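*Asks:* Just dropping this structure here.
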Amino acid sequence: MKILNFGSCNIDYVYSLQHIVKIGETETTHTLETFPGGKGLNQSIAVSRAGAKIYHAGCVGNDSKMLTDILQKNGVDISYLKTVDTKNGHAVIQVSSKGENSIFLYPGSNEKITKEYVDTVLDKFDAGDIIILQNEINNVDYIVEKAYQKGMCIVLNPSPFNEKIHAINFNMLSYIVINEVELSEISESTEPEEGLVYLKNKYPELKVILTLGKDGCVFVNANQELRQAAFKVDVVDTTAAGDTFLGYFVAELSKGTDYSQILKIASAASAITVSRKGAAPSIPNKSEVLSLFDKLREIKSNNKNNSLYEQIEGYIEQNIKTANLAELSQILGYSTVYTGGIVKRLTGETFSKAVLSKRCKMAAHMLLSTNFSIHEIIHMVGYENESYFRKAFKKKYGETLSEYRNKRCN
Ligand code: RIB
């Protein structure tokens with residue numbers, strides 16, 4: 001199975017501003033950066049960085065070296081890409097200090113796609129191959145019809161939404177990867193849940209992936225609905241988050257990964273993208289996504305360990321006279337052998353040593369802060385055999401109990 005992206009390539013001019021400029025307002029910025037971008041190019045790079053082979057078709061202008069370079073460097077096959085004698089498409093992007101963006105587009109070369117060129121490219125693909133489309137090029141409706149006739153699996157990202165989307169026959173699509181704004185435009189409802197029902201009723205065969213930014217994403221097909229929460233990161237720039245999601249979605253789809261795992265991987269990848277500046281350069285490769293999973297697993301296991309450690313300490317402290325491994329293992333719900341292992345790993349001591357240490361610590365505290373006699377204290381921490389505890393205390397603190405108590409007067 002091959003993957004083709006028939007899509008846009010843009011030069012992104014990114015201006016960093018305090019906030020997105022409102023109507024009638026002027027703001028000055030001295031931060032202008034130029035990045036390779038365009039939804040099509042970003043998605044192709046995401047597919048490739050996710051580890052799948054992709055062909056990118058579309059039209060670039062005579063100033064597109066930066067774009068063809070990054071596509072090639074990322075292993076995207078550009079043998080079907082066409083160079084036309086015009087200015088390349090570009091995007092002017094404002095990024096606020098909160099990472100939000102606002103974009104306007106100059107389509108340039110992206111609107112030079114002829115039907116003949118479409119036919120030539122699609123001739124190289126077969127039934128079952130995947131085709132990715134967005135709405136930044138012309139003739140998308142024609143490409144959909146031709147790809148459908150060939151039996152290709154069509155994945156549409158109806159972005160940016162405009163009247164051209166209405167010309168596309170949604171019955172021909174296999175997947176639609178859509179955001180809340182686009183969904184409300186198509187369904188004429190501001191409620192995403194209603195929008196999903198609308199699509200399900202009108203296009204029962206269509207598989208819908210709704211991306212909801214910090215609220216995660218939803219996958220709906222005829223017989224299942226899956227939800228994935230977003231990964232929390234510090235947002236730097238949300239540009240290309242949706243493109244990264246789509247690219248990873250398609251790459252994993254082509255590998256036969258199951259839908260819930262696909263959503264998890266695609267969400268993690270787009271979370272990494274929003275934590276970085278720019279479009280294409282901010283897209284992670286698969287190993288970075290896997291390291292994010294490792295990091296999260298480590299945090300989870302540290303949290304679990306912290307809570308186990310607190311449970312062990314709390315149990316010994318509250319049962320200082322009677323603490324025993326059998327009871328602790330019952331409380332934690334593990335076998336005694338396993339519990340003993342956990343105690344050793346988290347406290348660095350065997351269970352009996354950990355109890356003894358805690359008893360010495362409590363005795364030391366009472367010696368300094370109460371008037372109980374040494375004899376009473378030894379009994380209070382659970383010892384009938386005074387000489388055993390006296391020896392253990394001396395070993396731990398290097399002083400006898402009376403020498404330790406004497407410090408109270410200094
Ligand atoms: O989705 C992000 C992209 O949208 C940018 O790279 C910009 O080129 C616009 O097309």
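*Asks:* Could you please find all residues in the stretch 17-43 being open to solvent by less than 30 Å² (accessible area, probe 1.4 Å) and either of a type in the set (S, T, N, Q) or farther than 14 Å from Leu71 by Cβ (or both)?
*Replies:* If the condition is that a residue be open to solvent by less than 30 Å² (accessible area, probe 1.4 Å) and either of a type in the set (S, T, N, Q) or farther than 14 Å from Leu71 by Cβ (or both), then Leu17, Asn42, Gln43 are the ones that fit.
*Asks:* Another one. Tell me, which strands (runs of 3 or more DSSP E) lie completely within the stretch 1-89 with 1 or more residues that are of a type outside the set (D, E, K, R), within 16 Å of the ligand (Cβ to nearest atom) and out of contact with any Leu (no Cβ under 9 Å at 6 or more places or on another chain)?
*Replies:* The qualifying strands (runs of 3 or more DSSP E) are 32-37.
*Asks:* What tally of residues in the stretch 221-255 results from selecting those that are within 20 Å of Ala50 (Cα to Cα), within 16 Å of the ligand (Cβ to nearest atom) and of a type in the set (A, V, I, L, M, F, W, C)?
*Replies:* The number of residues fulfilling the criteria is 6.
*Asks:* A further question follows. Looking at the structure I just gave you, is Lys304 modelled with pLDDT under 95 and either within 16 Å of the ligand (Cβ to nearest atom) or open to solvent by 70 Å² or more (accessible area, probe 1.4 Å) (or both)?
*Replies:* Taking the combined requirement at face value, the residue satisfies it.
*Asks:* While we're looking at this one, here's another question. Just for the stretch 52-77: of the residues that are more than 16 Å from Ile132 (Cα to Cα), in contact with a Lys or Arg (Cβ under 8 Å, 6 or more places away or on another chain) and not acidic (Asp, Glu), which one is most open to solvent (accessible area, probe 1.4 Å)?
*Replies:* In this case the residue turns out to be Asn62.
*Asks:* Quick one: which of Thr68, Thr28 is of a type in the set (Val, Ile, Thr) and modelled with pLDDT under 95?
*Replies:* When all the criteria are applied, what remains is Thr28.
*Asks:* If you go through the stretch 212-229 one residue at a time, do you hit one that is exposed (fewer than 15 other Cβ atoms within 10 Å of the Cβ) and touching a helix residue (DSSP H, G or I) at 6+ places or on another chain (Cβ under 7 Å)?
*Replies:* no
*Asks:* Quick test of your reading of the structure: Ile154 fulfils all but one of (1) open to solvent by less than 20 Å² (accessible area, probe 1.4 Å); (2) among the hydrophobic types (A, V, I, L, M, F, W, C); (3) touching a residue at least 40 places away in the same chain (Cβ under 8 Å); (4) assigned to a strand (DSSP E or B). Name the failing condition by number.
*Replies:* Going through the list (1) open to solvent by less than 20 Å² (accessible area, probe 1.4 Å); (2) among the hydrophobic types (A, V, I, L, M, F, W, C); (3) touching a residue at least 40 places away in the same chain (Cβ under 8 Å); (4) assigned to a strand (DSSP E or B), Ile154 breaks only (3).
*Asks:* Just the residues that are within 17 Å of Asn10 (Cα to Cα) and in contact with a Lys or Arg (Cβ under 7 Å, 6 or more places away or on another chain), please, taken from the stretch 110-139.
*Replies:* Gln134, Asn135, Glu136
*Asks:* Ok, one more. For the stretch 115-147, which residues satisfy the criterion of being closer than 22 Å to Gly89 by Cα and among the aromatic types (Phe, Trp, Tyr)?
*Replies:* Answer for the stretch 115-147, where residues must be closer than 22 Å to Gly89 by Cα and among the aromatic types (Phe, Trp, Tyr): Tyr117, Tyr142.
*Asks:* What is the one condition in (1) within 12 Å of the ligand (Cβ to nearest atom); (2) under 22 Å from Asp237 (Cα atoms) that Glu100 does not satisfy?
*Replies:* Just one mismatch for Glu100, condition (1).
The values are calculated or read from the model by the stated rules, or taken from the named source; none is laboratory data. Everything numeric here is computed off the predicted structure, so don't read it as measured data. Virtual Cβ from ideal backbone geometry, glycine too; neighbours counted across all protein chains shown. Just so you know, the surface numbers come from the protein's heavy atoms only, side chains and all, with ligands and any DNA or RNA stripped out. Shrake-Rupley method; radii C 1.70, N 1.55, O 1.52, S 1.80 Å.
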